[in-house]
Amino acid sequence: MNRQYFGTDGVRGPYGGPVINEAFVARLGAAVARWLHDKAKVDTSKVVIGRDTRFSGPRLEAAIAAGLGSEGAAPVSLGIVPTPAVSRAVRALNAALGVVITASHNPAGDNGIKIFGPHGEKLTDDEEARIEQLMPLAASVTASAPVAAVDTLTPYLAMVQAILPSGSLRDWRIVLDTANGATCATSPVVLRALGAALVQLGDVPDGRNINDGVGSEHPESLVAQVRATGARLGVAHDGDGDRCVLVDEKGAVLDGDEILTILATHALAHGTLNEKTLVVTVQSNLGVDAAVRAAGGRVVRTPVGDRYVSEYMRAAGANLGGESSGHVLCAEVVPTGDGLVAALKVMEVMLTTGRPLSELRRVLKKFPQATANLLVQEKCPLESLPALGAAIAALEAGLGNQGRVLVRWSGTEPKLRFLVENTDETVAKTGLERLLKAARNELG
């Protein structure tokens with residue numbers, strides 16, 4: 001089924017725009033409640049709601065709670081919490097669903113809605129399409145009764161802190177960038193409890209500065225602080241805390257591919273990578289496949305989106321997967337991306353091996369990639385762009401088995417994304433320019 005509003009990671013857009021506004025969100029809440037009632041074997045109407053630090057969060061929370069309540073659901077507020085804490089709360093509180101009000105790494109003017117099913121996992125495409133079909137033409141934006149509030153941070157913090165032994169980060173200096181977002185009250189607490197001395201960035205949220213020059217999309221200040229302070233490593237989250245990027249002690253940035261390869265090869269060496277399989281998306285570098293294969297494992301690729309990674313992991317019994325963007329799923333801890341869990345898992349490898357991050361990262365030798373985004377006014381099917389299609393086919397034929405081409409629409413923004421990968425960087429860059437020229441000519 002086609003979806004009009006849901007993208008690769010929920011519904012997202014500018015606050016006050018045609019989609020992310022109180023009236024629409026109330027309608028979406030009513031549709032979610034209707035869908036919930038239509039499902040068989042659902043014995044609760046409880047829906048937990050969390051949000052990040054955006055100024056529009058409280059208004060949208062009230063609106064979706066009103067919509068949920070109008071159709072008989074029982075909304076429960078978790079307040080400002082990271083997205084993975086909502087996933088955990090769904091299971092811990094025996095809720096029917098979880099809702100997160102966030103636009104992830106987007107700027108403060110945007111917001112969005114992510115939905116988790118009864119097991120703390122993101123909904124499928126078909127489930128989201130069905131919810132869209134059930135949306136009423138209008139719904140009340142005023143709650144008929146106060147929304148109950150529950151503390152879910154305390155048990156979440158205890159769960160995450162238990163990943164490492166008590167005091168294991170004593171004498172570690174870590175630079176932590178919480179993006180002025182939902183992890184401001186979680187990651188510092190856990191790292192300090194484990195003994196780390198912190199240098200903090202992005203830790204003064206005011207509702208309008210989330211992701212503003214800080215966080216996983218903007219690691220420049222993190223790099224500078226790691227170098228200036230002699231820190232063991234740097235950690236940066238995005239606005240809702242389901243991603244992380246790392247910086248090694250020399251100031252080099254590690255993306256999700258490097259984090260996943262470190263974790264996968266270490267798990268293979270210790271016999272703890274289920275099915276000897278790492279699950280990534282088509283966006284990940286081909287060097288990941290080579291490194292995991294050399295360590296005795298295999299890589300499986302899914303479409304872009306951490307929920308597709310999660311779906312395959314569940315079906316195959318895999319326990320590790322993620323995206324190059326920094327979504328890392330450690331299924332034995334939480335069934336969705338968790339930036340803090342990913343960082344702690346890498347620290348666990350550092351502690352076990354006694355090796356610094358700059359050495360551990362060498363396990364991945366990336367193939368050169370050339371990437372670009374084209375901002376467009378309107379998305380159209382790629383099949384309706386024959387000149388671009390011909391350019392892609394010609395480039396793929398030329399690359400053979402030494403590289404690959406990926407052209408796709410962003411699931412959350414009006415952008416056409418391009419990736420060309422090859423063992424020769426010059427070939428990749430030249431190929432990218434050919435694709436961009438074809439796309440610009442055809443899109444005008």
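Looking only at the stretch 262-277, filter to residues that are open to solvent by less than 40 Å² (accessible area, probe 1.4 Å) and hydroxyl-bearing (Ser, Thr, Tyr); which one of those is nearest to residue 339 (Cα to Cα)? That would be 265.
Looking only at the stretch 276-288, decide whether some residue is in a helix (DSSP H, G or I), at negative phi and of a type in the set (Val, Ile, Thr). Yes, because at least one residue in the stretch 276-288 is in a helix (DSSP H, G or I), at negative phi and of a type in the set (Val, Ile, Thr). There is no residue in the stretch 345-356 that is among the hydroxyl-bearing types (Ser, Thr, Tyr), out of contact with any helix residue (DSSP H, G or I) (no Cβ under 8 Å at 6 or more places or on another chain) and in a helix (DSSP H, G or I). Scanning the stretch 244-261 for any residue that is in contact with a Cys (Cβ under 9 Å, 6 or more places away or on another chain), open to solvent by less than 40 Å² (accessible area, probe 1.4 Å) and at pLDDT 95 or above turns up at least one such residue.
Within the stretch 161-201, the residues that satisfy the criterion of being of a type in the set (Val, Ile, Thr) and either buried (at least 23 other Cβ atoms within 10 Å of the Cβ) or in contact with a Ser or Thr (Cβ under 7 Å, 6 or more places away or on another chain) (or both) are 174, 175, 178, 183, 186, 190, 199.
Of everything in the stretch 303-317 that is open to solvent by 10 Å² or more (accessible area, probe 1.4 Å) and not in a helix (DSSP H, G or I), the residue that is nearest to residue 361 (Cα to Cα) is 304.
Out of 405, 376, report the one residue that is open to solvent by less than 40 Å² (accessible area, probe 1.4 Å), modelled with pLDDT of 90 or more and within 30 Å of residue 110 (Cβ to Cβ). Result of the check over 405, 376: 405.
Between 399, 443, 419, the distinction of being open to solvent by less than 40 Å² (accessible area, probe 1.4 Å), out of contact with any Gly (no Cβ under 8 Å at 6 or more places or on another chain) and at pLDDT below 95 belongs to 419 only. Inside the stretch 54-82, residues that are within 27 Å of the chain's Cα centre (by Cα), open to solvent by 20 Å² or more (accessible area, probe 1.4 Å) and not small (Gly, Ala, Ser) make up a count of 6.
State whether the residues of the stretch 403-423 include one that is assigned to a helix (DSSP H, G or I) and touching a helix residue (DSSP H, G or I) at 6+ places or on another chain (Cβ under 9 Å). No, every residue in the stretch 403-423 fails to be assigned to a helix (DSSP H, G or I) and touching a helix residue (DSSP H, G or I) at 6+ places or on another chain (Cβ under 9 Å).
Residues in the stretch 329-343 that are in contact with a strand residue (DSSP E or B) (Cβ under 9 Å, 6 or more places away or on another chain) and open to solvent by less than 10 Å² (accessible area, probe 1.4 Å): 329, 330, 336, 337, 338, 339, 340, 341, 342, 343. The numbered conditions (1) open to solvent by 60 Å² or more (accessible area, probe 1.4 Å); (2) farther than 30 Å from residue 268 by Cβ are all true for residue 369 except (2).
The values are calculated or read from the model by the stated rules, or taken from the named source; none is laboratory data. The structure displayed is predicted, hence computed values, not measured ones. Reconstructed Cβ throughout: ideal geometry from the backbone, glycine too, with neighbour counts over all protein chains shown. Surface accessibility is based on the protein's heavy atoms, side chains included, excluding ligands, DNA and RNA. Shrake-Rupley method; radii C 1.70, N 1.55, O 1.52, S 1.80 Å.
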